[in-house]
Amino acid sequence: MHVALMGTICSGKKIFANILKDEYGFIVIDLSAIFCCDSSIEPMEWIKEHNPHFEAAIEAISVQKEADLHDCLTPNEQQRIDSDAYSPIISKNTHRVTDSETSEETISIAKKFDFSGKEEKEDQKEDQKEEEESKELTLITPEENKESIKALFPKKFPKDYYLDEESQIRVEQITTKVVRIIKDYRKLDFVIYPVVDLSLWDSLLLTCYHLDSPLKMRYNSFKEKYGEDIELMDFIELEDDIVFKSKYQTWKMDKYQERIKNHYVTDGTQEDLKRKIIEFNPVNEEMIRPKWPTYFMRLAHIVSSRSNCIKKSVGAIIVNENQQIVATGYNGTPFGFENCYEGGCSRCNDFNNKQGENLDLCVCIHAEENAILMASRVQTDGCSLYVTLHPCALCAKFIIQSGIKKIYYYEDYNSKISRSILSKMKIPVTKIDPYH
Ligand SMILES: [Zn+2]
Ligand SMILES: [Zn+2]
């Protein structure tokens, strides 16, 4: 699993990465100084300097994986590895995503990899050239580098680092190198932070999380890291420049909204973040690829966006045993009728009516009803229904009559009658939250 952390300045990305390392055995790739790097340093050297644990971690985890595969797996799990190409297996302290290739291969790749920058034979010439060039450079130690970052941040931020052409080229070079490393070790678990422009990471299937915490706490944390003398207004200006003026797309949430699997909003303390991370389970395999119920319930929410009802948007999907969609439906007035939100249904537009009241006066057709009407019993018999709101009593009758055998819903509905009708018919009704 490859996790990317995004978010506001000093929102806790480093803490998050270390929790993934300690609790789930991830390898951390720290790119936090990516904007301030000396442009003369070779990208691989830069990565190694800022991630001194990196080489050893890859070796140790590769060996650990080999041992775990033989010691911890039940026959069922072993079978899953063979049958499901991207099924992660989570054990006590080691999160492992494995595929059909053997772990011997992982180790041999790990051993073959030379951190001097000569990963592949065909690149040797080019790398030798790079090596010769880098000999002429004076490499700075991580400590010196930290000091130089400290000195540079308050003074030169942001224009020299977030806005200039040269820094953009460096970010692209280092990102390309990191992508290549992760691809070489794709079976190991990596957490990368901060990820500044998702378009640079397109060739990896990254699981992205976004973090935010209170401004005051982030400001204090920034001062601790980079210099006591920065004023609050300078910090605000810096962040505004990054969010609203930068060429990088880190915080352009509108573009990457759907790729972010969770937003962690914390009170800024390490304890709060840790509790929220463990509660959410960021290494859940559904974060890589959703299971069918999650997938269909998310689709049902998209279907609900076509609703024209002023009271509530509901979406429904009928799926057959082969996980094929038979029909979709959303709620609203009948074909040709004025839309509910434009006044088409007087019952919905009378706000004295509460949920489930006076439904006999309602012109709107319910989402499940529409989905069932769009198909026929020939198609719906034996199917499952995914609906964003628990069915009402009327829809419960239609569901039974259409031969639907299973119901998944997201939000509760105030109807004892529909629950008792469905339970009388022994139709399993399961509440699911596709976002957790
Ligand atoms: Zn309506
Ligand atoms: Zn209904």
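Note on the stretch 341-357: among residues that are more than 16 Å from N331 (Cα to Cα) and of a type in the set (S, T, N, Q), the one that is surrounded by the fewest Cβ atoms within 10 Å (Cβ to Cβ) is N352.
Considering (1) near ligand 1 (Cβ under 10 Å from one of its atoms); (2) crowded, with 23+ Cβ neighbours inside 10 Å; (3) over 15 Å from L389 (Cβ atoms), the lone condition that N331 does not fulfil carries the number (3). Test I278 against the stated conditions and say whether it is at pLDDT 90 or above and of a type in the set (A, V, I, L, M). Spelling it out, it is not the case that I278 is at pLDDT 90 or above and of a type in the set (A, V, I, L, M).
Cβ-Cβ under 9 Å, sequence separation 6+ or interchain: first residue in the stretch 182-206 and in a strand (DSSP E or B), partner buried (at least 21 other Cβ atoms within 10 Å of the Cβ) and basic (K, R). Which pairs? Pairs found: Y193/K13. Consider V303 carefully, then state whether it is within 17 Å of E411 (Cβ to Cβ) and more than 11 Å from ligand 1 (Cβ to nearest atom). So V303 fits the description; yes. When residues in the stretch 355-387 are screened for being over 21 Å from T430 (Cα atoms), without any contact (Cβ under 8 Å) to a residue 40 or more places away in the chain and more than 12 Å from ligand 1 (Cβ to nearest atom), 5 of them pass.
Quick one: would you say E368 is buried (at least 16 other Cβ atoms within 10 Å of the Cβ), among the acidic types (D, E), within 14 Å of ligand 2 (Cβ to nearest atom) and under 27 Å from Q324 (Cβ atoms)? Yes; evaluated as a whole, the condition is true for this residue. Given the condition within 16 Å of ligand 2 (Cβ to nearest atom) and either surrounded by fewer than 18 Cβ atoms within 10 Å (Cβ to Cβ) or without any contact (Cβ under 8 Å) to a residue 60 or more places away in the chain (or both), answer yes or no: does some residue in the stretch 287-303 qualify? No, there is no match, as no residue in the stretch 287-303 is within 16 Å of ligand 2 (Cβ to nearest atom) and either surrounded by fewer than 18 Cβ atoms within 10 Å (Cβ to Cβ) or without any contact (Cβ under 8 Å) to a residue 60 or more places away in the chain (or both).
The one condition from (1) over 18 Å from I421 (Cα atoms); (2) within 11 Å of ligand 2 (Cβ to nearest atom) that G344 does not meet is (2).
Take the conditions (1) assigned to a loop (DSSP other than H, G, I, E, B); (2) over 25 Å from the mean Cα position of the chain (by Cα); T328 misses just one of them, which is (1). Do you know which of the residues in the stretch 418-436 that are part of a helix (DSSP H, G or I) and among the hydroxyl-bearing types (S, T, Y) is nearest to ligand 1 (Cβ to nearest atom)? The qualifying residue nearest to ligand 1 (Cβ to nearest atom) is S418. If you check F296 against the conditions, is it of a type outside the set (A, V, I, L, M) and either modelled with pLDDT under 95 or more than 27 Å from the chain's Cα centre (by Cα) (or both)? It is false that F296 is of a type outside the set (A, V, I, L, M) and either modelled with pLDDT under 95 or more than 27 Å from the chain's Cα centre (by Cα) (or both).
Examine the stretch 334-345 for a residue that is within 16 Å of ligand 1 (Cβ to nearest atom), part of a helix (DSSP H, G or I) and in contact with a Lys or Arg (Cβ under 7 Å, 6 or more places away or on another chain), and state whether such a residue exists. No - not one qualifying residue is present in the stretch 334-345. Scanning the stretch 390-414 for residues that are at negative phi, surrounded by fewer than 19 Cβ atoms within 10 Å (Cβ to Cβ) and touching a Gly at 6+ places or on another chain (Cβ under 8 Å) returns K405, Y413, N414.
Of the residues making up the stretch 388-417, those that are in a strand (DSSP E or B) and away from ligand 1 (no atom under 16 Å from the Cβ) number 6. Kindly list, by first and then second residue, each pair from a residue in the stretch 317-341 that is in contact (Cβ under 8 Å) with a residue 60 or more places away in the chain to a residue that is assigned to a loop (DSSP other than H, G, I, E, B) and within 16 Å of ligand 2 (Cβ to nearest atom), limited to pairs with Cβ atoms under 9 Å and residues at least 6 apart or on different chains. Sorted first by the residue in the stretch 317-341, then by its partner, the pairs are I318/I404.
Of the residues examined, I325 is not one that is surrounded by 14 or more Cβ atoms within 10 Å (Cβ to Cβ), modelled with pLDDT of 95 or more and within 16 Å of ligand 2 (Cβ to nearest atom).
The values are calculated or read from the model by the stated rules, or taken from the named source; none is laboratory data. If you're wondering where the values come from, they're calculated on a predicted model, not measured in any experiment. Cβ: placed from backbone, ideal geometry, glycine included. Neighbour counts: every protein chain shown.
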